[in-house]
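Here's the structure, in structure tokens; my notes come after.
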Amino acid sequence: MGANLTLQRRMEQLGLTQDELAAQLNTALQEITGRPGEISSRTVRNLLNGSSRRPIGRTCAALQRVFGCPVAELGFSAPSSMQHPPEDPVRRRNFMLSSTGMAVAAVPREKQRRSVGMADVIRASAGMDDLVKADDRQGGHRSLATAALEGRAEVLELQQRNASERVRRALYALAAEYTTIAAWSCIDLRDLDTAQRYLYESTTFAGLSQDPATGMRVWINMAMLAYQRKNGSEQLAAAQAASASQAARRDPFFSSMGRVRLALAHSSLGDPRAAKRALGAAQEALRKAAEVERPRWTAFYGSAELNHLAAIILNDNGRSAEAESMAHRALAKIPPEFQRNRALATCQLARAQLWQGEPEQATITAATIFTIMDGAPLPGRLRTLIGDFHRDLFRLAPSTTYARDWADRMRDEWSQA
């Protein structure tokens with residue numbers, strides 16, 4: 001008779017093995033009849049190899065429920081008991097007769113939702129690139145967080161349908177990714193309590209996904225949030241979890257990500273030696289990282305971002321000349337479309353120049369932040385850094401013309417943002 005290639009393709013689309021399809025068919029029969037099904041993997045093999053081209057009514061009903069389509073679209077012929085003209089809707093809703101003569105309660109049409117596969121995961125993730133690009137351009141904002149939560153809602157709706165273990169894990173990873181984008185937007189907006197709530201939700205989804213890279217992303221964001229909260233001990237714990245994660249153990253790239261977060265945490269806790277060691281380890285790990293395909297969210301990290309973070313650590317430890325050098329190196333490599341990141345690195349450059357006794361040059365540098373953002377709203381995190389620079393400038397050079405000019409420019413930009 002020949003193999004049923006149609007059924008095989010549909011199983012591949014849903015990521016189902018023979019055992020998994022048998023389990024889902026039995027679940028469908030439980031829902032339809034109220035009694036456990038007894039379909040085995042051998043039955044599925046017979047469906048696949050062509051031995052069974054006209055399954056009994058019970059099996060047909062289960063196939064239709066799992067795949068969300070008539071059995072004819074799966075390469076089968078329905079038994080005669082299922083090949084009758086459409087009945088009155090009320091009568092059809094009540095019962096369906098199987099070839100064994102047993103009455104089987106029919107499932108209302110609206111509940112007969114098809115199973116989901118990797119194609120559905122890909123479709124559900126289609127909007128992710130736009131969210132990442134929007135974040136790169138202008139940082140976190142309310143509409144970005146809202147869009148991310150809408151994407152998550154779509155993913156969680158798909159989780160309510162039948163799916164293979166592989167597809168279900170992929171959906172949880174996607175839910176974690178969308179939730180983390182919402183959390184990151186709130187961090188950038190300085191809405192830290194909401195960010196904390198979203199990150200706790202992300203942690204649950206990441207754990208259910210069993211995906212190392214997704215778990216790594218959540219720990220990195222936990223460390224970032226603790227840094228914004230000035231909670232050094234929590235920041236260190238999250239950075240240690242990131243550094244010890246499976247993703248960091250497998251890939252020097254992720255190891256570098258975790259190590260630089262350790263450096264920031266040690267710096268926050270006033271331990272410059274430990275910060276220097278961790279920063280050196282992050283730089284060495286990144287040199288060892290191979291150029292391979294990684295999740296889209298990692299695009300921000302590389303030598304440019306590492307140099308930017310190094311500038312923060314060096315500034316915090318009073319090593320302003322080295323911080324200035326690192327900030328220049330970061331700005332030389334950060335792509336123009338990463339507006340928010342370029343603006344943040346420029347803040348570190350202005351900060352380093354100011355603390356080296358060059359307030360006029362620092363003011364000129366800081367003013368370019370507004371040019372970089374090109375009229376886009378200033379994220380809360382960037383506003384905080386600009387505010388810190390403003391206070392330090394007026395503490396060091398309060399009566400200068402350039403300081404007053406800076407204050408006028410900042411007031412104008414602040415009101416527009």
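Would you look at the GNM of the chain, springs on alpha carbons closer than 10 Å, and say which of 283, 235, 30 moves the most? Greatest mean-square fluctuation among the candidates belongs to 30. Under the criterion of Cα pairs below 8 Å and six or more residues apart, the relative contact order for the chain equals 10 percent. Entry note, region 325-417: relative contact order of 26 percent, from Cα contacts under 8 Å with a spacing of 6+ residues.
Would you mind putting 382-391, 56-65, 199-208 in packing order, based on average other-beta-carbon counts within 10 Å, highest first? Don't skip to the answer; put the middle values down first.
Details: 382-391: 16.7, 56-65: 23.2, 199-208: 19.7.
Listed from highest to lowest mean packing, they are 56-65, 199-208, 382-391.
Packing order of peptides 398-409, 187-198, highest average first: 187-198, 398-409 (average count of other Cβ atoms within 10 Å over each peptide's residues).
With respect to the chain, whose longest principal axis is taken over its alpha-carbon atoms, helix 359-373 is tilted by about 20°.
Under 12 Å from the Cβ of residue 306, count the other residues' Cβ atoms, weight Lys and Arg +1, Asp and Glu -1, and hand me the total. Working shown, then result.
Details: positive: 259, 261, 287, 329, 333; negative: 284, 305.
Taking every other residue near residue 306 into account, the sum is +3.
Judged by the mean number of other Cβ atoms found within 10 Å, the most tightly packed of the peptides 173-184, 343-354 leads the ranking 173-184, 343-354.
Measuring between their Cα centroids, region 41-66 and region 340-413 lie 69 Å from each other. Seen against the Cα atoms of the chain and their longest principal axis, helix 303-316 is set at about 50 degrees. Ignoring aspartates and glutamates fewer than eight residues from residue 230 along the same chain, the ones with Cα atoms less than 20 angstrom from its Cα are 188, 191, 193, 271, 316, 388, 392.
Give, as a single signed number, the net charge of other residues whose beta carbon lies under 11 Å from the beta carbon of residue 22, with Lys and Arg counted +1 and Asp and Glu -1.
Numbers: positive: 42, 45; negative: 19, 20, 38.
Cβ neighbours under 11 Å give a net charge of -1.
Remark on residue 115: its backbone amide H falls under 5 Å from those of 67, 68, a criterion applied only to residues 5 or more positions apart or on other chains, H modelled at 1.01 Å from N. For region 199-295, a/c is not less than 1.5, where a ≥ b ≥ c are the root eigenvalues of the C-alpha gyration tensor, and a/b does not top b/c. That puts it in the oblate class. With q set to 0.14 Å⁻¹, the log10 of I(q)/I(0) for region 220-265, from the Debye formula over equal scatterers at the Cα positions, is -0.26.
Note: relative contact order over region 133-286, using C-alpha pairs below 8 Å and six or more positions apart, is 16 percent.
Going Cα to Cα from residue 133, which aspartates and glutamates come in below 12 Å? Please leave out same-chain ones fewer than 8 positions away. Partners within reach: 337.
Strictly greater than 38 Å: what percent of every Cα pair in the chain meets that? Mind dumping the intermediate values first?
Details: 33792 of 86736 pairs.
Across the chain, Cα pairs with separations above 38 Å total 39 percent.
We did not get these values from a lab; they are worked out from the coordinates using the rules stated. Just so you know, these numbers come straight off a predicted model, no measurement behind them. All Cβ positions, even for glycine, are placed from backbone atoms using ideal geometry, and neighbour counts span all protein chains on display.
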